[in-house]
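Some notes on the structure that comes next.
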């Protein structure tokens with residue numbers, strides 16, 4: 001490959017810059033805050049779903065309380081009327097019938113009171129659970145907010161470093177021969193970033209495969225730079 005000594009130096013610098021870019025981008029993608037934020041959002045979604053079910057249960061139990069209170073209020077009014085009618089006296093049979101009716105009303109109100117106690121106990125448990133869920137959501141929100149803040153700070157610094165490296169890369173590439181850059185980029189894409197090595201005796205300095213006979217002669221004829229016949233990387237031939 002036709003390339004000057006300065007071009008080789010620049011190409012080596014470009015490779016180092018690209019490796020640094022790969023490292024920085026990988027570091028950005030693997031920031032631990034990402035996992036924390038994702039986990040927080042998944043947990044929050046699950047808890048919010050649970051919160052909705054609890055809210056539904058609370059509405060249902062609250063309706064039970066309302067129905068019981070409404071029935072008791074109606075029976076209380078009826079009881080007062082019956083007691084007033086008994087107090088007013090009248091025929092024996094009427095008084096007896098109203099007394100039996102009063103006893104039935106009192107018995108029903110006692111049953112309702114027992115039902116109300118059970119329902120209110122259930123409502124208290126639901127409200128306790130509701131408070132616990134709300135506290136859990138607040139805790140998750142706080143952890144998510146802290147992770148986002150940390151991600152923005154650390155990720156922002158990495159993004160800035162990546163932008164600077166990309167700008168420097170663009171500047172370096174603009175000063176190199178286009179054919180050389182194309183050959184380098186193809187080798188880099190094939191090799192995961194390490195595109196340049198050195199011919200080490202009769203071996204590729206990167207993949208360490210031996211290069212013998214006619215292949216070695218042909219490679220040396222490409223000095224100062226050729227391609228490894230095995231890994232296809234660019235090899236500096238000195």
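The values are calculated or read from the model by the stated rules, or taken from the named source; none is laboratory data. Just so it is clear, the structure is predicted and the values come from calculations on it, not from any experiment. We place every Cβ from the backbone using ideal geometry, glycine too, and count neighbours over all the protein chains shown.
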Positions within the range 180-191 being exposed (fewer than 14 other Cβ atoms within 10 Å of the Cβ) and in contact (Cβ under 8 Å) with a residue 12 or more places away in the chain, in sequence order: 190
For residue 132: the one exception among (1) assigned by TED's automatic domain parsing to the domain that holds residue 56; (2) closer than 17 Å to residue 17 by Cβ; (3) free of Cβ contacts under 8 Å to residues at least 60 places away in the same chain: (2)
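How many residues does the range 192-218 hold that are under 45 Å from the mean Cα position of the chain (by Cα) and either on the phi > 0 side of the Ramachandran plot or assigned to a loop (DSSP other than H, G, I, E, B) (or both)?
9
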Which numbered condition residue 89 fails, given (1) assigned to a helix (DSSP H, G or I); (2) surrounded by fewer than 10 Cβ atoms within 10 Å (Cβ to Cβ); (3) in contact with a helix residue (DSSP H, G or I) (Cβ under 9 Å, 6 or more places away or on another chain): (1)
Scan of the range 1-17 for residues that are under 13 Å from residue 224 (Cβ atoms) and surrounded by fewer than 16 Cβ atoms within 10 Å (Cβ to Cβ), ordered by number: 2, 4, 5, 6, 9, 12
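Let's see how each residue does on (1) free of Cβ contacts under 8 Å to residues at least 40 places away in the same chain; (2) closer than 30 Å to residue 157 by Cβ; (3) surrounded by 15 or more Cβ atoms within 10 Å (Cβ to Cβ):
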site	(1), (2), (3)
33	no, yes, yes
71	no, no, yes
76	yes, no, no
81	yes, no, no
121	yes, no, no
Given (1) modelled with pLDDT of 95 or more; (2) surrounded by 13 or more Cβ atoms within 10 Å (Cβ to Cβ), index of the condition residue 114 fails: (2)
Residue that is assigned to a helix (DSSP H, G or I), out of contact with any strand residue (DSSP E or B) (no Cβ under 6 Å at 6 or more places or on another chain) and under 22 Å from residue 123 (Cβ atoms), where the choices are 66, 82, 99: 66
